[in-house]
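What follows is one structure encoded as structure tokens, with my remarks underneath.
Just so it is clear, none of the values below were taken in a lab; they were calculated from the coordinates. Keep in mind that this is a model prediction, so the values were computed, not measured. Glycine gets a Cβ as well: all are built from the backbone with ideal geometry, and neighbour counts include every protein chain shown.
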Amino acid sequence: MAASTIPSSNYASKTKTTINNLFDDSLTEIFCRLPCKSLFTSKSVSKRWFTLISDPNFPSLYLTHQHTFFQSMQTQEEDLDQPSFILKPYNALVITPKVPSLQLGPLEKHLSLSFLGSNFEPTNVIPQLRSVLKFVFGSSNGLLLCGNPRPRHKCIYHVCNLLTKDTLELPCAPSLCDHTGVLVGFTCDPYYRLETDNVSVVSSSQRRFRVVRIPAFSDVRFSFNVEVFYSETREWNQFVVSCPKGFTCGFFLTASSVEHDGKLYFTGGGRILVYDPYNDEQVASVIELPSGFGEAYKGCLGVSCGRLQLSEFPISPSISTTNVGAYSGRVWELQCCDCEKGEETMWKLVHEFYIPDIVGPIFEELKSIEGAYVKGCSRILAFHPYVRDTMVFMFGDRMLCCNLSTRKFKADKYNGLSLVFYPIIPVVLPWWPTPIP
């Protein structure tokens, strides 16, 4: 018996299996369980890994697996423990879904715009503030539009992806930037669509993006110039857009465009301008603000759970209105509006809130922190994109995330520069990084 026994060392060497011995299907199954950022790092391990991860069919397999896994672990509770942070030193509020593909630990340490180079770094102009001439103008489906507009110069924009570090520099914008400013919008087609039971990847021929520039004007106009960059041709086009109801395109540092279902929404002159950069007719419509709404700079326009919402929140006791006092606010939701069909704008008041009632004892602390920075700098930064009834506020160096229905909240310290003069751009990271079309 002893002579016929196989030595254990020889047996182990014959049965040893490593990851490189696995079949392609098994290795792909492992890749489908990794966070997406780890996947892009894994491409550099070997030519075989690069080939498997770069396969055109892999994103669909990966997203389907992630979607199935996410559904199995999803709960009914909508908590506030969602990773969110300001992308310092820029004006982007990154909001990360709690999905398997984005589980990387503290994402704040992994994400930055440093890959754009030193020439794009904001420069100090006065203590505790940075130049407003270099910031994020918009975000759509995980891509960011960044720019460096300088007075009396033509702006150069970059479209980039935070996760993959891919970037595309656009040609110079057609017109100069002047003291009145330029309203800028950005929209990009999605890379994938989540459905009930599966995930479908959009073909490359159907993916486009648009960059829109509207030189600001202070008078009411029924037609105005618009500059649009087309990703298909990589060129800027200039149009005269008609606006039958008229619009005043004032420039506010704390206002920015909102992208929703491929259309862009700009706030100005007490109205909201709606412009579809994919429609060749070049006609813009206007949405009236809710009755009794105050000044636009007191509020925030955004999208939450697929609905366009508008808030009013006075930024200091000295400018509170008869309808809304200091640290109080209201939220409306757009119910129905198809201006092209002549439908009337319908806003529904969904929330009235008073911050001290929500945060309780820490309100006095927030007020003292606010006073130590810029007086009256408290304001709404954004609506939470996928947690209903939830908003993000800024108080001095504190970010306050509140659910207006449950009255739950969390406060985080923001160790950055004052954001009081900046438009805040919500950036929602998708489950799979959107390639730049």
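Brief remarks follow.
- Note on the stretch 183-267: dipole from Cβ charges, positive end direction compared against Gln206, Ser242, Thr187; the farthest Cα belongs to Ser242.
- Length-normalised contact order for the stretch 170-311 - Cα pairs under 8 Å, 6+ apart - percent: 19 percent
- Built amide H within the under 5 Å cut-off of Thr406, gap 5+: none
- Net charge contributed by nearby residues that have their C-beta within less than 12 Å of Val220 (K/R +1, D/E -1): +2
- Unsatisfied cross-links (Cα-Cα over 21 Å) in the set Lys98/Lys410; Lys37/Lys413; Lys154/Lys263; Lys43/Lys88; Lys43/Lys165; Lys165/Lys263: Lys37/Lys413; Lys154/Lys263; Lys43/Lys88; Lys165/Lys263
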